[in-house]
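Working notes, structure below.
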Amino acid sequence: MKYKCLVLDHDDTVVDSTATIHYPSFVAYLEENMPERLGDYNLEIFFKKNFDPGVIALFRDELGMSEEEMEREEKYWIDFVERRIPHAYEGIREIIADFRRRGGIIAVVSHSFQRYIERDYRHNGLPMPDVIYGWDIPKENRKPSPWCILDLAEKYGISPSEILVVDDLKPGYDMARAAGADFAAAGWANDIPEIEDFMRENCDYYLKTVADFKLLIGE
């Protein structure tokens, strides 16, 4: 195989979660705490803000949340996620299982908590990853830092060039580039031209559908 390790993002790459969980949670939080900002964010804008500059910058810099307010929003989001499990995209399970059968390493690097990633994998009948780097790791090691990729390479005795990162957002792209790993953009969660244009222009692969992902990994 060209790649010995797949590094998968979780939300909107393996499971359909922004449209069904994270955006509704965001809207519900605004309704209760910042009703004057409700009209500023539809789903497309929320996708764009997650892509760049990222949700933390959205909360801190655009919405002007203090650290205390951001902690309160995180607790609100956790309560929302606790009660809702996203569905995996059709075809993802087969891709992961086939890659595992051929001896590949499955890793997850995500801004979701490890316990929710494991729960979602179990609920959707997905092969459990070999290693998960979630929101639980020290914040300086979270993507876009290259730390997770470099740690994987050292842990399994492989080169970053033998790792393929699959992610729908720019922090995953930045992480892969900084570590020297190839990057495939997962484009099946939305149809936003600005995001697709950036990914097509800058990434090693642009995968519009899960079927495109299967074809790439099947090489």
Item to check | Selected residue (criterion: surrounded by the most Cβ atoms within 10 Å (Cβ to Cβ)) from residues of the range 166-209 that are part of a helix (DSSP H, G or I) and of a type in the set (F, W, Y) | outcome: Y173
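Only one residue in G103, G64 is more than 23 Å from K208 (Cα to Cα), in a loop (DSSP other than H, G, I, E, B) and either in contact (Cβ under 8 Å) with a residue 12 or more places away in the chain or touching a Phe, Trp or Tyr at 6+ places or on another chain (Cβ under 6 Å) (or both), so which one is that?
Numbers: G64 fails: either in contact (Cβ under 8 Å) with a residue 12 or more places away in the chain or touching a Phe, Trp or Tyr at 6+ places or on another chain (Cβ under 6 Å) (or both).
Only one candidate qualifies: G103.
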Item to check | Filter result for A176 (within 26 Å of P86 (Cβ to Cβ), in contact with a Ser or Thr (Cβ under 7 Å, 6 or more places away or on another chain) and at pLDDT 95 or above) | outcome: no
Item to check | Among (1) among the aliphatic types (A, V, I, L, M); (2) assigned to a loop (DSSP other than H, G, I, E, B); (3) touching a strand residue (DSSP E or B) at 6+ places or on another chain (Cβ under 9 Å), the one test that V7 misses | outcome: (2)
Checklist outcome for this item: Within the range 83-100, residues within 18 Å of the chain's Cα centre (by Cα) and part of a helix (DSSP H, G or I) come out as I92, R93, I95, I96
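If the requirement is being free of Cβ contacts under 8 Å to residues at least 40 places away in the same chain, under 14 Å from K4 (Cα atoms) and either surrounded by fewer than 17 Cβ atoms within 10 Å (Cβ to Cβ) or of a type in the set (D, E) (or both), which of these qualifies: G157, G125?
Values: G125 fails: under 14 Å from K4 (Cα atoms).
Every option except G157 fails the conditions.
In a helix (DSSP H, G or I), in the same structural domain as K139 (by TED's automatic domain parsing) and surrounded by fewer than 18 Cβ atoms within 10 Å (Cβ to Cβ): is that true of E118 in this structure? Can you show your working first?
Working: in a helix (DSSP H, G or I): yes; in the same structural domain as K139 (by TED's automatic domain parsing): yes; surrounded by fewer than 18 Cβ atoms within 10 Å (Cβ to Cβ): yes.
Yes: the conditions hold for E118.
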Checklist entry - So which residues in the range 74-98 are farther than 13 Å from S112 by Cα, among the hydrophobic types (A, V, I, L, M, F, W, C) and surrounded by fewer than 16 Cβ atoms within 10 Å (Cβ to Cβ), if there are any at all? => result A97
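The values are calculated or read from the model by the stated rules, or taken from the named source; none is laboratory data. Since we're looking at a predicted model, the values are computed, not measured. Cβ: placed from backbone, ideal geometry, glycine included. Neighbour counts: every protein chain shown.
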